[in-house]
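Have a look at the structure below before the remarks.
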Amino acid sequence: MALINGKYVSEKMKQELKEKLLHLKRKPGLAVIRIGEDAASKIYVNLKAKMCEELGITFMEYHLDSNIQQEDLMGLIYQLNANDEITAILLQSPIPYHLNILQAFEAIDPAKDVDGFHPTNVGRLALGLEGFAPCTPVGVMKLLEEYNINVEGKHCVVIGRSNIVGRPMAQLLINANATVTVCHSKTKNLAEITKTADVVVVAIGKPHYITADMIKEGAVVIDVGINRLPDSKKVVGDVDFDNVKDKCSYITPVPGGVGPMTIITLMENVIKTAE
Ligand code: NAP
C-alpha cells in the first residue's frame, strides 16, 4: 500500500502558484460571501483568507446577517460581478433556508465562478469543455495525476452524488476516459459494485462506512469524507482506513489526503480568473 499525500502535493502546488503569481499582470481578487453564523463556514472562510494572504491574493469577506433577503444578496452579487478588482466570487454554503442558493449561484458571473457551481460551468463540465469545476473533485484528479494513476479504461466507482463532490467527480472521470459507476443512498448491493472497482472515490459523510470486504485487492481508494467523531472529536474519513489500507495499492488518509487539495485548487482557480 502507498499513501497518497495530499499535504505534500498541495504544498508543491502552492510553491508553483507563488511563482505563477509573480508573472501575472493583473492581481487576482477573491470575494467570499458568508451569511449567518455557521461555525464551520467561519473556519473555512478563515482558511481561505489565510491562504490568499500567503499567496498575495486580495481577499474580501462580505459577512451578511442571517436575516438578509434574496434581493439584497442578489444586489451584492451584481455589484461584485461589476467590480474589476474582484476577479473571483464565492458564496460559502450552507446559507439560511429562506434564501434560494441556486438563484444566487446563477447570478454569479460564470467567469468569476471559482467554485464551478454556475449552470454554465456545470454544463461545460458535462460537455467536457474548459471552465471552472468544483475544487474537491478537481483536487482528486490532481492527486491521481501526481501519483501517475491513469484512470483510462478503469472501472471507477463514485459513492455519493452531491453537486459539490459526487456528480462533478463522475464527470471528470468520464472526461478522463474512465468507466464510471455512481452509487448513492438508494443503491442496492453497494459492496457488490465496489468490489469490482479499480478506483473507489467515496464522499458520503459516514465515518468508516467503507470496509475492507467492499474493496478489491489492489484497488485505489480515495476518501473525500470528513467526519468528526462525537466522543473523541477525532476527524476520520468515510473509509475504515486501518483495515482497508493493506488491501489497496493507493489510499488517501484523512486528514492529509483530499482535504488540503480543495483549498489549493480553489487558489488555482482564483489565479486563473486573473490570467
Ligand atoms: P452530501 O451533499 O450530504 O451528499 C452525500 C451523498 O452520499 C449523497 O449523494 C447521498 O445519497 C450519499 N450517501 C449517503 N449515505 C450513503 C450510503 N449509505 N451509501 C451510499 N451513498 C450514500 O455530502 P457532500 O457535500 O458530497 O460531502 C460528502 C462528504 O465529503 C462529507 O463528509 C463532507 O464533509 C466531505 N467533503 C470533503 C471535502 C474536502 O475538501 N475533503 C469537500 C466537500 C465535502 P443521496 O443522494 O441518495 O442522498
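The values are calculated or read from the model by the stated rules, or taken from the named source; none is laboratory data. Remember, it's a predicted structure, so these values are computed and weren't measured experimentally. Here the Cβ is made from the backbone with ideal geometry for all residues, glycine too, and neighbour counts use every protein chain on show. Ligands, DNA and RNA are stripped out before the accessible areas are found, and what is left, the full protein with its side chains, is counted by its heavy atoms. Shrake-Rupley method; radii C 1.70, N 1.55, O 1.52, S 1.80 Å.
A few notes on this one:
- Neighbourhood charge, 12 Å Cβ-Cβ cut-off, centred on Gln171 and excluding it, Lys, Arg +1 and Asp, Glu -1: +3
- The stretch 89-183: GluC sites (Glu not before Pro) falling in loop per DSSP and having at most 10 other Cβ within 10 Å: Glu130, Glu152
- The modelled label-to-label distance between Glu71 and Ala126, using points 7 Å beyond Cα along the C-beta direction, is 3.2 nm.
- Max mean-square fluctuation residue, GNM over the chain, Cα-Cα springs under 10 Å, options Ile174, Ile43, Ile263: Ile43
- A Gaussian network model of the chain, with springs between Cα atoms under 10 Å, assigns the largest mean-square fluctuation among Gly139, Gly259, Gly56 to Gly56.
- Positive-pole candidate from Phe117, Leu76, Gly36, dipole of the stretch 1-145, charges at beta carbon: Phe117
- The long axis of helix 39-55 is offset from the longest Cα principal axis of the chain by roughly 80 degrees.
- Distance violations [Cα-Cα > 26 Å] among Lys154/Lys234; Lys12/Lys195; Lys233/Lys272; Lys142/Lys195; Lys12/Lys48: Lys154/Lys234; Lys12/Lys195; Lys233/Lys272
- Considering only Ala176, Val157, Gly139, and ranking their Cα positions along the charge dipole of the stretch 83-213 that arises from unit charges at the beta-carbon of Lys, Arg, Asp and Glu, the one farthest toward the positive end is Val157.
- About its Cα centre, the stretch 178-275 has a charge dipole of approximately 260 debye under the convention of +1 per Lys or Arg Cβ and -1 per Asp or Glu Cβ, with nothing else charged.
- Inter-site label distance for Lys50 and His98 at 7 Å from Cα along Cβ, in nm: 3.4
- Point-charge dipole on Cβ atoms (K/R +1, D/E -1) for the chain, about Cα centre, debye to 20: 380
- Candidates Ile204, Ile222, Ile95: whichever shows maximal mean-square fluctuation once the chain is modelled as a Gaussian network with Cα springs under 10 Å: Ile95
- By the equivalent-ellipsoid construction on the alpha carbon gyration tensor, the stretch 142-221 comes out with semi-axes of 18, 15, 12 Å, ordered largest to smallest.
- For the stretch 202-260, the Stokes-Einstein estimate of translational diffusion at 10 °C and a viscosity of 1.306 mPa s comes to 141 µm²/s, using the Kirkwood hydrodynamic radius over alpha-carbon pairs.
- Compactness ratio for the chain: Cα radius of gyration over 2.2 N^0.38 Å (N = residue count) comes to 1.01.
- Taking the Cα atoms of the stretch 45-145, the ratio Rg/Rh between the radius of gyration and the Kirkwood radius comes to 0.97.
- Surface accessible to a 1.4 Å probe, Lys7 within the full protein complex, Å²: 140
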